């Protein structure tokens, strides 16, 4: 292919200004090169700070001509080339050509390296027309070349030319990286910069900092024979810790090891992520010539076979999630702000671990894991296929050399799901003085069982018979709205019984939907391949977020309701690994809820207070005493919040105090009204009460419609027993004192009895009784109301998200409001979703285009069915498409569970089974319908 020739352009004025500033800095330090490495960015630093380079794409969109592109970036997200998911099916040989002019400052006896944080996939680098070194292969790793001899004199433009090929010349790289379960992008997607060092310099250090305060530092110094290395440890504030230590370098020695023992240090753990700085300087006879700073933490990691994982001598378990590096508008080009966002959301869910699936992340992500506190599993790419040994060894070195000093990293993952080159297992220890264990995610290996997507029976068998440390590195696959929180309570409770319990990692943190610049900005999650997140692509919170937050809270309180005899004492369990409960704090408030006709949903605070946390060691239980006022029982609910030592909310528990029938009586009482009228029509029965007309179909016994002063309300087709076909056997109506009664009896597989009571000054009351035997997806009664007329709902119950039978935890009891939406979890991201099951209904206002009406429940455990969620367009199975009744407005005593991508709900544990009634035991219920 003949390509246009591009000449080097004049350096822009802002580059000149930056260069002048760099020259001034260089001059200030040049007399005594006792300084840190000088870093000069050629690209931008992240997705929000980029530099325009010249760019030519060979195929796909905007190809065949020179243009400009932001660097760093994935070129597809900049409108170039071809999108592919899973494999490069279309335009696999696509390449991107980059050109960029740069200058370097003046200075003697310096060496210049060009560093690429990552480039996908094969990358050829030329400076002033000459190759900087061999083509780099592997799309997720830092690499660099020395280019000192290729540079022109200071003040002169140098031409950088980079050719990036999506398809690697190495077949194993294409199998391991380019045929994998994620978006296949191209481009220089992490920063490019120069490192400028003296002729004698420290290339890198590798630390082994143990929890007992012992520290050894492998220093890789270049051209440093018979020179002195000095080191000291500092607090992040700069305060020196202990005494300094030093060693002499020797000729021909690749590394020099410095050692020191420190007293009184604080070990790093995710609950108290204590960090220090190591300062290492290299000096010759004339003085110091180079100095580096390395942040680190003292931390000991052990894998004890047939026992568990130990950090700092404490047995630990992972509450983790798998994370891809991705943002919808920028692909894999991210920023530290996004790293802070993601780690913050994980910590908010009470997670303590993250797995780097399926490639090493940005350096700043690991920095944030160090500082905020997460265990990290760092992973070599290899999704169901492995690198060959030759290229794999290079990439293992690049992975470990870059990441070795992060205390957050506790395990190395040598590939994933069969992408294991066993010949590389020993290579990690060559560059890691800590000798952290190596695992094979998905496999029984090295004393671990990391089985992916076990069903409940597999976990049960592992608990009974397993000999390995058990921590599935992928489980509860969160496709659409399935998995994650759904079934997690059963799995987690069972997994905790494993004698060698090591935790687990949910799949995955967020939906991998990207902006399709070739499809008018559409967000594309690749059908059912990538909408797997607890979060949406822009980190929108799904319902499972809150379920996980409750289930993985290190403080556990399992009280659902405060009965009249409550004495203020709550059982509390400490599930921290390192933290005594007395380092936490608790705050409570007693509240009353607004009425359905109120303009607010906010509860009224009746009393507030704090509770003294008991001294409870990790893994123990005790009592939390609340000093509530004597009239506590006059409030509607208690809100109790636990805060960790960092003052972050762990969870808020909401416990109702009043029963539904008690709260309802405040709202349903009305003034006296005219007498009730009942009129037989040809096919209908008309009952008039309080200015409202109720029409019943005499052939079915169902309510047909309701008419009030504003007009017709299209509630119809019920009540029917959900999922059961009955035939009307008897329909009658009669006066009962000042009231009027309408009754219907149905026959079929079981009996179903309906009774409407109309009384002056009160809403219509519905009493019903049914029985059911055997398996059922759901149980209860339903009506129909036209979806197109519904505009929203306000309700008192658990919210604001919907629930499934196997995902009830995480929602708060209160008054909630939602406008209508048709959001489909994982395909559209307007959360919380409107349609679905909602738990613990006390009352609901159905907002509509006709006339809002309110339904009250007299029963404490009623689920509201609000319409039926649409089936995801990408759903290829019914696992994540739960059952719903034919009616679209239901009041149910039992609802359906949801499964995961790989398992139907029935395989996911006790809560995930269908509802079952052994005998035809009568089930009674009552509702009030207020159309006035």
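May I ask you to derive the FRET efficiency for residue 135 and residue 529 from their Cβ-Cβ distance with R0 = 25 Å, giving the value to the nearest 0.05?
Computed FRET efficiency for residue 135 and residue 529 comes out at 0.25.
Would you mind ranking 798, 291 so that the residue whose beta carbon has the fewest other beta carbons within 10 Å leads the list?
Lowest count first: 291, 798.
Given the range 555-666, report the % of alpha carbon pairs whose separation exceeds 19 Å.
Tail of the P(r) past 19 Å holds 47 percent of the pairs.
Take the Cβ-Cβ distance between residue 285 and residue 538 as r, set R0 to 56 Å, and report the resulting FRET efficiency rounded to the nearest 0.05.
0.45
Relative to the longest principal Cα axis of the chain, at what angle does helix 389-403 sit, 0 to 90 degrees, rounded to 10?
Compared with the principal axis, the helix lies near 80 degrees.
Along Cα→Cβ, 7 Å out, is where each label goes; now give me the distance between the ones at residue 45 and residue 389 in nm to one decimal.
4.4
May I ask for the distance between the Cα centers of the range 55-97 and the range 414-429, given as a whole number of Å?
One Cα centre to the other: 31 Å.
Using only Cα atoms, tell me the angle between helix 456-465 and the longest principal axis of the chain; keep it within 0 to 90° and round to the nearest 10.
Tilt relative to the chain: about 60 degrees.
Order these peptides, 734-743, 827-836, by their mean beta-carbon neighbour count within 10 angstrom, highest first. Don't skip to the end; give the middle numbers.
Values: 734-743: 14.6, 827-836: 19.7.
Answer by packing, highest mean first, reads 827-836, 734-743.
Sort 449-457, 370-378 by the packing proxy (mean of other Cβ within 10 Å over each peptide's residues), most packed first. Walk me through the numbers before you get to the answer.
Values: 449-457: 20.0, 370-378: 23.0.
Packing proxy ranking, top to bottom: 370-378, 449-457.
At 0.36 nm per residue, and after removing the present C-alpha to C-alpha distance, how many nm does the segment from residue 886 to residue 736 gain when stretched out fully?
50.6 nm
Set the Förster radius R0 to 45 Å, insert the Cβ-Cβ distance between residue 871 and residue 649 as r into 1/(1 + (r/R0)^6), and round the FRET efficiency to 0.05.
With a Förster radius of 45 Å, E is 0.80.
Tell me, how many Å apart are the Cα centres for the range 454-509 and for the range 380-411?
Cα centres, the range 454-509 to the range 380-411: 26 Å.
Suppose a student asked you for the relative contact order of the range 203-296, using Cα pairs under 8 Å spaced at least 6 residues apart; what percent would you report?
Value for the range 203-296: 29 percent.
Give me the extension gain from residue 598 to residue 861: residue separation times 0.36 nm, minus the current Cα-Cα distance, reported in nm with one decimal.
Net length gain for the segment: 92.3 nm.
Would you mind ranking 659, 98, 85 by Cβ crowding within 10 Å, fewest neighbours first?
Numbers: 659 15, 98 23, 85 19.
Going from least to most buried by this count: 659, 85, 98.
Subtracting the Cα-Cα distance from 0.36 nm times the residue separation, let me have the gained length for residue 760 to residue 497 in nm, one decimal.
88.9 nm
Where does helix 336-348 land angle-wise versus the long Cα axis of the chain, in degrees 0 to 90, nearest 10?
Rounded to the nearest ten degrees, it is 40.
Only helical DSSP H runs with n ≥ 4 go in: add -39500 (n - 2.57) per run for the chain, normalise by residue count and round the 222 nm mean residue ellipticity to 500 deg cm²/dmol.
-3000 deg cm²/dmol
Take residue 682 and residue 725, extend 7 Å from each Cα along the Cα→Cβ direction, and tell me the distance between the two endpoints in nm.
2.9
Rank these for me by crowding, 725, 49, 358, going from fewest to most other beta carbons within 10 Å.
Ascending number of Cβ neighbours within 10 Å: 725, 49, 358.
Which parts of the range 430-458 would a label at residue 214 reach, counting a residue when its backbone N lies under 19 Å from a point 7 Å out along Cα-to-Cβ?
Within reach of a label on residue 214: 430-437.
Is the range 774-816 rounded, prolate or oblate when judged by the Cα gyration tensor, a ≥ b ≥ c being the square roots of its eigenvalues, rounded requiring a/c under 1.5 and prolate requiring a/b larger than b/c?
Details: a/c = 2.40, a/b = 1.04, b/c = 2.31.
Since a/c reaches 1.5 but b/c is at least a/b, the shape of the range 774-816 is classed as oblate.
Any chance you could check the Cα centroid distance between the range 546-607 and the range 700-765 for me, in angstrom?
39
For the pair residue 714/residue 519, report the inter-label distance in nm, with labels modelled 7 Å from Cα in the Cβ direction.
3.3
No value in this document is a laboratory result; all are computed from the given coordinates. Predicted model, so just to flag it, every value in this text is computed and none were measured. Reconstructed Cβ throughout: ideal geometry from the backbone, glycine too, with neighbour counts over all protein chains shown.
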